[in-house]
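Working notes, beginning with the structure itself.
The values are calculated or read from the model by the stated rules, or taken from the named source; none is laboratory data. These numbers come from a predicted model, not from an experiment. Positions of Cβ are generated from backbone atoms using ideal geometry, with glycine treated the same way; all protein chains shown enter the neighbour counts. Each accessible area value is taken on the protein alone, full model and side chains, heavy atoms only, with ligands, DNA and RNA left out. Shrake-Rupley method; radii C 1.70, N 1.55, O 1.52, S 1.80 Å.
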Amino acid sequence: MFERLERMPDDPILGLMAAFRADADPRKVDLGVGVYRNDRGETPVLEAVRKAEQAVLARQTSKTYVAPIGNAGFNQCMERLVFGEDHPALKAGRVRTIQAPGGCGALRVGAELIKVAMPEATVHVSTPTWANHVPLLTGSGIKLERYPYYDAATGGVNFGSMMAGLEKLPARAVVLLHGSCHNPTGADLSEAQWREVLALVTKRGLIPYIDMAYQGLGTGVAEDAFGVRLFAAELPEVIVAVSCSKNFGLYRERTGALHIVSQTTQSADAILSQLVRIARTIYSMPPDHGAAIVQEILSNDGLRSAWTDEVGSMRNRIASLRQDVVARLAKSAPQRDFSFIERQRGMFSYLGVNVDQVRALRERHHVYMTDDSRINIAGLRSDNIGYFADSVAQVLAGGK
Ligand SMILES: Cc1ncc(COP(=O)(O)O)c(C=O)c1O
């Protein structure tokens, strides 16, 4: 049976990681992998997570099954974190939540739900979008198309083209939006633009599917959820996939949630029963450990404020790296305007160099990024940011 299987091509990001590991040059800089790093280049366990984990372990008396929806306490805490305390959709009993194995698991469960509700559904993603959106969404059998989004000339959103693209969609088309910290471009919608998208989505009868993988890492915990909260208050149906990987640093614990906002409590209950069935047919139940940690943090005032501070310092570090790298590039490569990097949010930006220049940065300067020139800003450190800016300047000048 297996003799017929062909070898799949390697994932480019894994290849990049392997090449980085094999590079013996001490100056090497890894801007490829999408994880947060501190100024020592580490992705540490957050202090709030460490403390919550100890409390969880001390209290735990059994490893028996929890439930297909996961930890109900975690789900409630996530609803309040994502939608905000006292959100009208929560008060009206219109939201149902299932814990999922990471943001990826949530995205996939959401896609399966769409497939059940609308077998002919098409989901529309931004150009560009996070590469994994494609397999995660189409893996359920729904179709995928794209709408215009990023404007390479300004480093911002090409809002006119985006709106024109969405305007053409038929009613009930699903539109995938990034809640904040757009991956890979860092170009986010402003609050005014969220409102305009809301008006269009309402007028055209579109169904928003919001992916929120970076709450707290852009402008603030509440600010980053602006679009989700606005849409959930104003629209009959919204799908929200959330990841705790980055903002809680729980990557390997596979912690996430899928929230579905629907019109009535009856439809919400029907949806939850469908989500349970979907979970049962894929992985049965999500892993508990990360969710128990997040629940502990969010339901304990001391831990919650410690976490809020930690996520704030991650956010501030990214923002100051953005400023610093723009200032350094302005000096080393004044012929090119990189100021857009400072206007963007979250961990990622497109540097905006071509694939030959990406290769030159890798081969001659040991600076690693994906071929589309996406850089993880958090991979910069005080001891390599100058080297990075000089390397970019040399490659732009065509030198060595
Ligand atoms: C845009 C986006 N969505 C979702 C995820 C999901 O992450 P995870 O499954 O690790 O929680 C990521 C992670 O990189 C992401 O960048």
C-alpha center-to-center spacing [the range 244-288, the range 165-218] in angstrom: 21 Å
Relative contact order for the range 246-400, counting Cα pairs under 8 Å that sit 6 or more residues apart, in percent: 19 percent
Share of carbon and sulfur in the accessible heavy-atom surface of the chain [1.4 Å probe, %]: 52 percent
Per DSSP, loop GluC sites (Glu not before Pro) in the range 18-120 with at most 14 further Cβ within 10 Å: Glu42, Glu85, Glu120
Share antiparallel - DSSP beta bridges, the chain, percent rounded to 5: 50 percent
Rounded accessible area per residue of the chain, 1.4 Å, Å²: 45 Å²
Computed Rg/Rh of the chain, alpha carbon atoms with Kirkwood Rh: 0.97
Sequence-separation-based contact order of the range 98-195, relative, with Cα cut under 8 Å and 6+ spacing, percent: 27 percent
For the chain, calculated [θ]222 nm from helices alone, where every DSSP H run of n ≥ 4 adds -39500 (n - 2.57): -14000 deg cm²/dmol
Estimated D of the range 307-354 in µm² per second, where Rh is the Kirkwood radius over Cα pairs and Stokes-Einstein applies at 20 °C, 1.002 mPa s: 185 µm²/s
Relative contact order computed over the chain (Cα-Cα under 8 Å; 6+ residues apart), in percent: 26 percent
Spherically averaged projected area in nm², based on the convex hull that wraps the Cα atoms of the range 77-171: 8.0 nm²
Rounded FRET efficiency, nearest 0.05, which uses the C-beta distance separating Lys168 from Ala131 and R0 of 25 Å: 0.50
Cβ charges +1 (Lys, Arg) and -1 (Asp, Glu), total dipole of the range 197-299, debye: 280 debye
Kirkwood estimate for the range 144-220, i.e. one over the average of 1/r between Cα atoms, Å: 13.0 Å
